[in-house]
Ligand code: GTP
């Protein structure tokens, strides 16, 4: 069975992190997120993978190639004329999809049991099966209402509380029969959620919902991207974290840690990092390969990508710093702020309240102080 992964979106909610690379390539616990997705598929024998690419597709293609190094076979289908939307992108790969196939979003972290879901799809003889996840606040989502036997009865977009009859939302993994693609117009932007699925109901196709309590998280906003790290590092979902495990700290090769530094996990620290005197790391934290943290720096609930150089007495809390940034003395970055790749932040700057700094920017010392 083939698995089709949607990885062509432009990830606007995670800009400027996604300016140079697509969202599925953002590191999550020091590995491109798509590695975790592919490992999850492979675990269920889904090693014939079609990646539906568009935005910055060359970054994905260069990194994964034909997939052989990872024990899978990867085919790419590129939307040359721009994004076709979730269902439009799958339609674009129709010639490759001759039997039942799985579709998943390339930005969902989940440990959904695909084998059980496939058995459900077969037992119901469904044309389409949609994985469903329960949420606390159904008013913020598109809901999927099920009838007896878990047949989808209707889709309800962001209901008010008095209209809420279910708390199940579309969790972004589908099993489809190839015939359903006949309802998707070719070379046209078209979505599953608001396009194909409601249409399948209208024409009387059997669409089933598969509710599960599997771990499920869309990593598409700064807070959820950070949350994915927290949840992985605290063991709420089991994914491969690179490095040698010592308690709840995963250490890469050639890491130098000053004896006066204090590291409280959970944390992952990449190859070749240098952790200076009196540095304090309070997990959850992910620090990519080749980072240098100078004296007295404090890191908590933060993600640093690769080769980030941090001077003295810097505070990084609940924020993301992309590759090749240099931060001067006494810089503070907090509150879901995002720093794009290759920025130089002069000493004393304070980036707070979700501030976003585009790639390659230079901030003179004390240019931003709220
Ligand atoms: P935002 O702009 O922040 O909403 O992110 P996004 O563009 O990634 O959109 P969204 O989060 O809705 O996408 C869910 C998944 O589908 C992601 O893995 C996207 O890469 C993918 N996706 C969204 N739109 C398209 C598309 O038009 N073509 C392809 N191939 N994939 C898409």
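Values quoted throughout were computed directly from the atomic coordinates according to the rules given, and no laboratory measurement underlies them. Small disclaimer: the values here were computed from a predicted structure and weren't measured. For neighbour counting, all protein chains shown are included, and Cβ atoms are generated from backbone atoms with ideal geometry for every residue, glycine included.
Residue 282 versus residue 187, label points 7 Å from Cα toward the beta carbon: distance in nm?
Roughly 5.7 nm, to one decimal.
Using 7 Å Cα-to-Cβ label points, what is the residue 73/residue 151 separation (nm, one decimal)?
Here the answer is 3.7 nm between the modelled labels.
Report Rg/Rh for the stretch 1-69, rounded to two decimals, where Rg is the Cα radius of gyration and Rh the Kirkwood radius.
Numbers: Rg = 11.9 Å, Rh = 12.4 Å.
My calculation of the ratio gives 0.96.
Would you give the gap between the C-alpha center of the stretch 352-370 and the C-alpha center of the stretch 1-15, rounded to a whole Å?
Value for the Cα centre distance between the two parts: 29 Å.
Note down the Stokes-Einstein diffusion coefficient of the stretch 124-245 in µm²/s, whole number, using a Kirkwood radius over alpha carbon pairs, 10 °C, and 1.306 mPa s.
This corresponds to a translational diffusion coefficient of 98 µm²/s.
Kindly provide log₁₀ I(q)/I(0) values, in the same order as q = 0.13 Å⁻¹, from the Debye equation applied to equal alpha-carbon scatterers of the stretch 243-363.
-0.42
What are the principal axis extents of the Cα atoms in the stretch 2-222, in Å, biggest first?
Its Cα atoms span 47, 37, 33 Å along the three principal axes.
For the chain, report the % of Cα-Cα distances exceeding 38 Å. Write down the numbers at each step before the final one.
On the way: 15899 of 68265 pairs.
Value for the chain (Cα pairs over 38 Å): 23 percent.
Could you please state, rounded to a whole Å, how far the C-alpha centre of the stretch 280-329 is from the C-alpha centre of the stretch 139-211?
42 Å
For n ≥ 4 DSSP H runs only, could you compute -39500 (n - 2.57) per run for the chain, divide by its residues and tell me the 222 nm figure to the nearest 500?
Helices in the chain give a 222 nm mean residue ellipticity of -4000 deg cm²/dmol.
Would you work out if the stretch 222-314 is rounded, prolate or oblate? Take a ≥ b ≥ c from the square roots of the eigenvalues of the alpha-carbon gyration tensor; rounded if a/c is under 1.5, else prolate when a/b is larger than b/c, oblate otherwise.
Details: a/c = 1.70, a/b = 1.44, b/c = 1.19.
Judged from the Cα gyration tensor, the stretch 222-314 comes out prolate (a/c at least 1.5, a/b above b/c).
If you line up the long axis of helix 114-124 against the longest principal axis of the chain, both from Cα atoms, how many degrees apart are they, to the nearest 10?
Approximately 20 degrees, to the nearest 10.
Looking at the square roots a ≥ b ≥ c of the eigenvalues of the Cα gyration tensor of the stretch 252-291, which shape do they give, rounded for a/c under 1.5, prolate if a/b is larger than b/c, or oblate?
Details: a/c = 2.11, a/b = 1.09, b/c = 1.93.
Oblate, since a/c reaches 1.5 and b/c is not below a/b.
Among 357-369, 324-336, how do they line up by average Cβ neighbours within 10 Å per residue, starting with the highest? Numbers along the way, then the final one.
Working: 357-369: 15.0, 324-336: 21.0.
Averaged packing, sorted descending, gives the order 324-336, 357-369.
How do 160, 212, 337, 131 rank when sorted from fewest to most other Cβ atoms within 10 Å of their own Cβ?
Numbers: 160 7, 212 20, 337 23, 131 27.
Lowest count first: 160, 212, 337, 131.
Taking a ≥ b ≥ c as the square roots of the eigenvalues of the Cα gyration tensor of the stretch 281-338, is the shape rounded (a/c under 1.5), prolate (a/b larger than b/c) or oblate?
Verdict is rounded for the stretch 281-338.
Helix 222-233: angle to the longest alpha-carbon principal axis of the chain, degrees 0 to 90, nearest 10?
The angle comes out at about 90 degrees.
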